[in-house]
1. Of Lys6/Lys69; Lys69/Lys109; Lys6/Lys102, which sit over 28 Å apart, Cα to Cα?
2. Please calculate the 1.4 Å probe accessible area of Arg82, with all protein chains present, and give it to the nearest 10 Å².
3. Return the carbon/sulfur percentage of the accessible area of the range 59-106, one whole number, probe 1.4 Å, all protein chains in place.
4. For the range 29-107, report the accessible area per residue in Å² (1.4 Å probe, heavy atoms, rounded to an integer).
5. Between Leu27 and Asp96, what is the spin-label point distance in nm, taking each point 7 Å from the Cα along the Cα→C-beta axis?
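The values are calculated or read from the model by the stated rules, or taken from the named source; none is laboratory data. Because the structure is a prediction, the values reported are computed rather than measured. As a convention, Cβ positions derive from the backbone with ideal geometry for all residues, glycine included, and neighbour counts pool all protein chains shown. The area values use the complete protein model at the heavy-atom level, side chains included, leaving out ligands, DNA and RNA. Shrake-Rupley method; radii C 1.70, N 1.55, O 1.52, S 1.80 Å.
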Amino acid sequence: MLFGYKPSKVEVDSVMSSVQPENSGILLEKFLNLMSTKKAVQLLDSETRHMFTAFDMQDRGFLTLEDFKKVFNSVSPRLSERIVVEAFREVDQDSDGHVSFKEFESAMKYGQDEVSTLYFA
């Protein structure tokens, strides 16, 4: 276990498949970099779940515009309602008036998929 993370067999196989046959292994620095990146992704996933739960004050498993307004009002009371509504509409990808965890997670990970696919494709 490294940094509190135990890589799966698939992850180990993926890392080891990148090793050149003439080499006897992988550089420790590269291994540590790969595992640190994976651990960072795990931490982000955990933080995302925690934030979603904080937004979901009614424990319904989805967020409403009112949930967004309450949270944004407590975090940034001077933010205009128009901005909050626009943010909600952006995150509510299927426009059903509810933000699922999957939609919330997608918004939180926006722009980060390039990093994770770079190492764990």
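1. Going by Cα-Cα distance, Lys6/Lys69 fall outside the 28 Å limit.
2. It works out to around 150 Å².
3. Looking at the range 59-106 in its full context, I get 50 percent from C and S.
4. 65 Å²
5. About 4.7 nm separates the two model spin labels.
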